[in-house]
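Input: a single structure, listed below in C-alpha cells.
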Amino acid sequence: MFPSFRNIRKSRRFVLLALCAGVLAACQVGVPGGSGPRVRVGAPIQVALLLPYGSASAGDEIVARSLENAARLAASEFEGVQLEITVYNTAADPAQAATVARQALQQGARVIVGPLRSDAAAAVGVAVSNSNVAVLSFSNNTEIAGGNVFVLGHTYDNTADRIANYAVRQGRNRVAVLHAQNLAGEVARDAVQQAISRAGGTVAGVVSYEFSQQGVVQALPEVMSTIRSSDANGLVITAEASAALPLFAQLLPENGLDLEEVRVMGLTRWDVPSQTLELSGLQGGWFALPDPDANAAFNARYTAAYGDAPHVLAPIAYDAMRAIAETAAEAGAIGVAELTASSGFAGANGVFRLRADGTVERAMAIATVLDNQVSIIDPAPGRLGASGF
C-alpha cells in the first residue's frame, strides 16, 4: 500500500526540492486560491501522463502500463468531458521527469498526472511551479505535497486516522505503537501518534526495533513490558507483511500477548499477500483497506477491457482522471482551487477528495481477520464528512 516509502531513505535528498516547490508556489499569487487553467466547452482537455517507461527497472514497465490502462479506462467512462491523454516517458528519473513536464506544458497540457515516485514528483512541481498547472502525482510521500503538487497515493496519515477513530470508538483508547528504526517507521509512528490524539485516545507507549530479525526478537521484552506497565488495550504494528509483521504476529502471542485484552491493529494491508491472513497473531485484529466493493467493480471493468488484472497502483491513475473530469465538468477549470473544492470524487477505491495542502483523503473500510479470512466490520463511508470520516 505504501510503495514510495520502500525507498524513503532516498527521499531526504529530495526534501530541498519539495521545499523549493513550496517556496515557488507561495510566491505565485493565485495557485492555492485562484482559478486554474480554463477548459472550453466541447474541446478536449489535454492531459499529460508522466510514466516510468524506459526505466532500468523491468518492474516499472509493468506498473507504467497498468497506470496508463487505468487512466484511459477512466477517460473512456466519463461522459460529457473529453480527456486527451499524451504519455511522456520519465525513465523513473527526476531530471527527465522535469524536462518532459516542461515539454508537456509547451504542447498545451492543462494538467499533469504522475509521475510515480516522490523524487520525480518534487522535480516536476518545481519545473512547472509558475504555470498554475496542477500535478496529480502517484506518490504517497506527503513531504512533497503542497503548492501545485498533489499526492494521490494511500498515505500513512489517512490510514492512521481511519484506524484510530474506529479503535477509540470501540473503547480501544490506550494504544501502544510498534515501529522500525528507519525513516519509514518514524513517519508511520508519527502518523499513528497524531491520529490517536486527534481521535481522543492516549498513546500508551512507543517501542522501536532495529530493522532486522534479531532486532525484532530483542524488542519483544520491551513491547510486553510497555503494554503491561501502561495498561494498553491496543497495539498498532506499523510493519508491512513483506517486513517484520509476520515475525511479530508469530512471536508476540508466544511471549504472552493476550489478543483479547490487547487488540492488534495494522497500518498496512494484511490481505496482501493473502498468506498473511493465516498468521495466528493477527486473528481478530483490525486493519484498514480501500472500499472492497468499489475496488472489485474497478478490477472487473479493467480486466474486461484489458484481459488481465490491474496492478495494485492502477486505481490511483483512475482516480486522478476522475478528479480531473468531474472538476472540469463542474467548475470549467482544473487548477488547485477547483480540484480541492469538491466534497468527494467517485474513485476506483471508493470516495476520495483532494485537500488544499496537497494530500488526499480517502474513505476506507475497517476489516478484521476471522478464520484466516478478511471480514469487513465497518464499511467504507459513501461520502466524506465536513472534517473527514
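What follows is calculated from the coordinates using simple rules that are stated; it is not laboratory data. Since the model is a prediction, treat every value here as computed from it, not as a measurement. As a convention, Cβ positions derive from the backbone with ideal geometry for all residues, glycine included, and neighbour counts pool all protein chains shown.
Gap in Å between the Cα centre of the stretch 343-389 and the Cα centre of the stretch 94-133?
Distance between centres, Cα-based: 29 Å.
Which peptide among 242-248, 181-187 comes first, and what is the full order, when sorted by highest mean count of other Cβ atoms within 10 Å?
Top of the packing list down: 242-248, 181-187.
For Gly347, enumerate residues with amide H under 5 Å from its amide H, sequence gap 5+ or separate chain, H modeled in the peptide plane.
Correct list: Phe352.
Hey, with R₀ at 22 Å, roughly what FRET efficiency would Glu278 and Met224 work out to, going by the Cβ-Cβ distance, to 0.05?
Computed FRET efficiency for Glu278 and Met224: 0.40.
Do you know the relative contact order of the stretch 224-378, to the nearest whole percent, from alpha carbon pairs under 8 angstrom that are 6+ apart?
22 percent
Going out from 0 in 10 Å bins, what whole percent of all Cα-Cα distances in the stretch 290-353 drops into each bin?
22, 47, 25, 6
Taking the Cα centre of the chain as origin and charging only Cβ (+1 Lys, Arg; -1 Asp, Glu), how large is the dipole, in debye to the nearest 20?
900 debye
Largest first, please: the extent of the C-alpha atoms of the stretch 141-226 along each principal axis, to the nearest Å.
Sorted largest first, the three principal extents are 46, 32, 14 Å.
Per Stokes-Einstein, at 25 °C and 0.890 mPa s, what whole-number D in µm² s⁻¹ belongs to the stretch 244-358, with the Kirkwood radius over Cα pairs as the hydrodynamic radius?
Result for D is 145 µm²/s.
Packing-wise, with mean Cβ within 10 Å as the measure, how do 137-148, 334-345 rank, highest first? Show your work: numbers first, answer last.
Working: 137-148: 26.5, 334-345: 20.5.
My ranking of the peptides, most packed first, is 137-148, 334-345.
Would you work out the relative contact order for the chain, in percent, from Cα pairs under 8 angstrom that are 6 or more residues apart? Let's see the in-between values first.
Working: 854 pairs, mean separation 75.6, N = 389.
For the chain, the relative contact order is 19 percent.
Give the peptides 108-116, 89-97, 158-166, 256-264 in descending order of average Cβ contacts within 10 Å, highest first. Before the final figure, lay out the partial values.
Numbers: 108-116: 26.7, 89-97: 21.0, 158-166: 24.9, 256-264: 15.6.
Result, highest mean first: 108-116, 158-166, 89-97, 256-264.
Which net charge results for the neighbourhood of Ala300, defined as the other residues with beta-carbon distances under 15 angstrom from its beta-carbon, given Lys and Arg at +1 and Asp and Glu at -1?
Working: positive: Arg301; negative: Glu77, Asp291, Asp293, Asp308.
Computed value for this residue: -3.
Provide Rg and Dmax in Å for the stretch 76-125, with only Cα atoms included in the calculation.
12.0, 36
Report the local net charge at Gly80: Lys and Arg +1, Asp and Glu -1, summed over other residues whose C-beta lies under 15 Å from its C-beta.
Result for the neighbourhood of Gly80: -3.
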